Amino acid sequence: MAHKTNNPSTRISGLLETFPSCKIDSLIFFNMSNIRYLSGFTGSEGVLFVGCSQVILFIDGRYTLQAAQETKGIKIVECTDKIEAVGRIIKNSKLKRVGFEADSITLSMYNQLTKLVQKEILVALSDELRMLRACKDDSEIAMMKKAAQISSSAVRSVINLAKTGWKEKELAWQLELEARKNGADGVAFETIVAAGEHSSLPHARPSDKKIKKGDFVVIDFGVKYKGYCSDETCTIAFGKLTDRQKNAYQMVKDAHERALDMVAANIPAAEIDKCTRSIFGKKYTRYFVHGTGHGVGLEVHEAPRLFSKSVDILKPRMVITIEPGLYIPGLWGIRIEDTVLLKENSCEKLTKMDKRLTILE
């Protein structure tokens, strides 16, 4: 697939080349990120049928004009029942092997489809489609760089203002406001601002808890720009820290830097996770409770995955996160995260915050 274009027809041509290996003659998409990637349609509901001789986007009346404006070379079919319409196409075209996204179809949708066409015709695809969007083209990379620039700038601005006594919610609101002012379409995920003992919860939600001296504050923030996500985590401190806190921060930073040094094309994702965990040793590795990273793109969590049992191999032009962390229950947590673009022998950091320990008074 060409790197310099985000032309959906080019992406569909690349997809059609995979049909023989999947032993299918057509493919149905339900995942809206995949539909956007392949068609350009940005609506919130639809079904995309990709055949060797035709590509059809099924939408309801809310999206007829929008779909016509956003797509090119794709037939738009307005209908009230998209599954029924897809089933009718399959029957009328006398298709023999129809692939579908097994991870994106509900049981009720599948049951409805199998009432319209024989089960033997349907081919469930999962791993075969997981890497569809993993390697980014130039236009995608440009939008992700812009998203990262917006979010990093917002974090930098708000950190310069933050003080003890601020509520977690206040800091989160300020981040989102600043990002919006700088061009973000919205947040990529629910903003995480977690102070003190809340920071020991990897996915804590901002609350009315006030920041106090001696706190670590974990800020996990990302925005969307023209559909593409950024993802970055900074852990800052307020007031005097204990030696244990300082040592733990340095350990996470060392793990983060060691992983970044290792990231390159053709490296197994599991090896990077193994490398990260080796820094923590037996005493602390139990406090690292999630994987080392994940892919980023139209969704903030997508392929590849960097964890101990991952079978993914890193490839050039993938965009991934590196985010080691330690979470001491009831006390504090630390996470350091950057989003990086994979190259042949190294990676380029897209997120821009300095990850040295910042202590605010």
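Observations on the model:
- The combined condition, being without any contact (Cβ under 8 Å) to a residue 60 or more places away in the chain and aliphatic (A, V, I, L, M), is not fulfilled by Val223.
Table: residues versus (1) within 23 Å of Asp127 (Cβ to Cβ); (2) not β-branched (Val, Ile, Thr).
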| site | (1), (2) |
| --- | --- |
| Thr18 | yes, no |
| Lys23 | yes, yes |
| Gly43 | no, yes |
| Ser53 | no, yes |
| Lys96 | yes, yes |
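- The strands (runs of 3 or more DSSP E) located wholly in the stretch 97-197 include none with 1 or more residues which are in contact with a helix residue (DSSP H, G or I) (Cβ under 7 Å, 6 or more places away or on another chain), free of Cβ contacts under 8 Å to residues at least 60 places away in the same chain and not aliphatic (A, V, I, L, M).
- One residue from Ala270, Ala255, Ala248 being under 19 Å from the mean Cα position of the chain (by Cα) and either on the phi > 0 side of the Ramachandran plot or small (Gly, Ala, Ser) (or both): Ala270
Results for (1) crowded, with 22+ Cβ neighbours inside 10 Å; (2) among the aromatic types (Phe, Trp, Tyr); (3) modelled with pLDDT under 95; (4) more than 20 Å from the chain's Cα centre (by Cα), shown as yes or no for each residue.
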site	(1), (2), (3), (4)
Ala142	no, no, no, no
Ser152	yes, no, no, no
Val158	yes, no, no, yes
Glu168	yes, no, no, yes
Asp185	no, no, no, no
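- Where helices (runs of 4 or more DSSP H) sit wholly within the stretch 1-88, those with at least 3 residues that are surrounded by fewer than 19 Cβ atoms within 10 Å (Cβ to Cβ) occupy 8-16, 19-22, 64-70.
- Count - residues of the stretch 347-360 that are out of contact with any Leu (no Cβ under 9 Å at 6 or more places or on another chain) and surrounded by fewer than 18 Cβ atoms within 10 Å (Cβ to Cβ): 5
The values are calculated or read from the model by the stated rules, or taken from the named source; none is laboratory data. On a predicted model such as this, the values are computed, not experimentally measured, just so you know. Neighbour counts are summed over all protein chains in view; Cβ atoms, including those assigned to glycine, are modelled from backbone coordinates with ideal geometry.
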